[in-house]
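Following: one structure in structure tokens, then a few remarks.
The values are calculated or read from the model by the stated rules, or taken from the named source; none is laboratory data. Predicted model, so just to flag it, every value in this text is computed and none were measured. Here the Cβ positions follow ideal geometry from the backbone for every residue, glycine too, while neighbour counts run over all protein chains shown.
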Amino acid sequence: MAYRIAVLPGDGIGTEVVPQAIRVLDKIAEKYGHQFEYKQGLIGGAAIDATGHPLPEETLGLCYNSDAVLLGAIGGPKWDNLPTHLRPEVGALLPLRKELGLYANIRPCRMYSALADASTLKKEVLEGTDMVVIRELTGGMYFGPKGRETVDGVERAWDTMLYSTPEIERIVRLAFEAARKRTRKEVCSVDKANVLEASRLWRETAIRVAADYPDVTLTHMYVDNAAMQLVRNPRQFDVVVTENTFGDILTDQASMLSASLGMLPSASIGGNVALYEPAHGSAPDIAGQKKANPLATILSAAMMLEYSFNLVTEARAIEDAVEKVLSKGFRTGDIMEAGKILVNTEEMTDRVLEELA
Ligand code: NAD
Ligand code: IPM
Ligand code: MN
């Protein structure tokens, strides 16, 4: 059986890291006797340049007709001043997630012992950190009522954090299910229920859903405190569930638990076809310089094997290979430390392939 993968490299370092993940998938196919069938699609700035639209119908069709989607990153200064609905972020990535029904974004934030000294955080603080953030992905401020107007010569604009009970319930349920499969079985729901009405509904719903999961412990934390606790004592977290914007911000922060944003993979699930992408963006500051860390994308491909294709052994093989490469001291610039071996994007992948061989 061939697994059909839609490949959307996008912009900036997206075009550099996605081919590396494909090299790793090819190695897995060869080693374990699988067939991966790739079809490339345009998205983001690249699609604007080629077709005038950031999410062409053809790309959406390609995703629908695939078993999974592998995405790099979208956006960049070249397209920043387009009208909002044509921007890569709002015109492509958000509608793609919405169209595919991907309401849950899973971002595993763990500490790699080999990178303990590469992180800006202290080793003693990081030690043993292994958490997963489950971010609601198709609701909240990103998708709520928004607008812009001028009243009495004063310009104003608004984005509304809107959540319905079913939207909250399904993401919280997913978090409880995820926690159930873990050793600690703890869910921390992060909100701003001391101020926001949408958060009050979020918290009430989480408490109600918790009744169906007596084996899982539910706690609540305000998002400002959560931001602080993440760097004070990240080990306290097992599964974190939170709304879209909070999850976006907290996961960039949590990526430093694994020493770099370039290490954080993600899976967006909930619909028929799941999407896998690194948590980082197109990194215009390093694009085209072969400096990008490909591991977040390679680890996202591993998540694809596990979540979409149920190829757990193969996924673990990739994760183990990544750990071995790190413990042998190979480092891209973002995780470089004294005494280690600096490699570029392709060379990092070469090392992963060697471990898989
Ligand atoms: P970014 O994630 O692109 O970069 C933030 C910082 O992290 C930069 O210094 C960058 O060099 C570094 N970095 C990111 N990934 C790296 C990697 N793999 N290896 C080494 N260093 C890495 O965020 P930004 O600069 O705020 O945004 C740039 C563009 O990307 C914007 O247009 C933004 O909208 C877009 N973006 C897209 C996605 C996505 O496609 N999912 C996610 C975030 C941002
Ligand atoms: C991410 C990105 C996107 C988000 C942007 C580019 C729309 O930051 O995937 O984390 O905010 O979801
Ligand atoms: Mn983000």
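Here's a check for you: in the stretch 82-101, which residue that is within 15 Å of ligand 3 (Cβ to nearest atom) and surrounded by fewer than 21 Cβ atoms within 10 Å (Cβ to Cβ) is farthest from the chain's Cα centre (by Cα)?
Step by step, filter the stretch 82-101, then rank; the result is Val90.
Of Val240, Val312, which residue is out of contact with any Pro (no Cβ under 7 Å at 6 or more places or on another chain) and without any contact (Cβ under 8 Å) to a residue 12 or more places away in the chain?
Working: Val240 fails: without any contact (Cβ under 8 Å) to a residue 12 or more places away in the chain.
Going through Val240, Val312 in turn, just one is out of contact with any Pro (no Cβ under 7 Å at 6 or more places or on another chain) and without any contact (Cβ under 8 Å) to a residue 12 or more places away in the chain: Val312.
Among what's in the stretch 266-275 and is of a type outside the set (A, V, I, L, M) and within 11 Å of ligand 1 (Cβ to nearest atom), pick the residue that is farthest from Gly12 (Cα to Cα).
Here the answer is Ser268.
Of everything in the stretch 256-273, what is more than 10 Å from ligand 2 (Cβ to nearest atom), under 10 Å from the mean Cα position of the chain (by Cα) and of a type outside the set (A, V, I, L, M, F, W, C)? Give them in sequence order.
Pro265
In the stretch 50-83, what residues are among the acidic types (Asp, Glu) and free of Cβ contacts under 8 Å to residues at least 24 places away in the same chain?
Listed by number, the residues that qualify are Glu57, Glu58, Asp80.
(1) touching a helix residue (DSSP H, G or I) at 6+ places or on another chain (Cβ under 8 Å); (2) closer than 24 Å to Arg170 by Cβ; (3) more than 16 Å from ligand 3 (Cβ to nearest atom); (4) not assigned by TED's automatic domain parsing to the domain that holds Glu177: which one isn't true of Gly271, the others all being true?
Failed condition: (1).
For the stretch 294-309, which residues satisfy the criterion of being touching a residue at least 60 places away in the same chain (Cβ under 8 Å) and either outside the structural domain of Ile13 (by TED's automatic domain parsing) or closer than 11 Å to Gln20 by Cα (or both)?
Those that are touching a residue at least 60 places away in the same chain (Cβ under 8 Å) and either outside the structural domain of Ile13 (by TED's automatic domain parsing) or closer than 11 Å to Gln20 by Cα (or both): Pro294, Ala296, Thr297, Ile298, Ala301.
List pairs: first in the stretch 155-176 and loosely packed, with under 11 Cβ neighbours inside 10 Å, second at pLDDT 95 or above and not small (Gly, Ala, Ser), Cβ under 8 Å, 6+ apart or cross-chain?
Glu155/Arg148; Glu155/Glu149; Arg156/Arg148; Arg156/Glu149; Arg156/Thr150; Ala157/Lys146; Ala157/Arg148; Ala157/Glu149
In the list Ser189, Ser164, which residue meets the criterion of being under 25 Å from Glu243 (Cβ atoms), more than 21 Å from the chain's Cα centre (by Cα) and among the polar types (S, T, N, Q)? Break it down stepwise before answering.
Numbers: Ser189 fails: more than 21 Å from the chain's Cα centre (by Cα).
Checking each option against the conditions leaves just Ser164.
Which count do you get for residues in the stretch 256-275 that are in contact with a His (Cβ under 8 Å, 6 or more places away or on another chain) and more than 28 Å from Ser66 (Cα to Cα)?
Residues in the stretch 256-275 being in contact with a His (Cβ under 8 Å, 6 or more places away or on another chain) and more than 28 Å from Ser66 (Cα to Cα): 0 in total.
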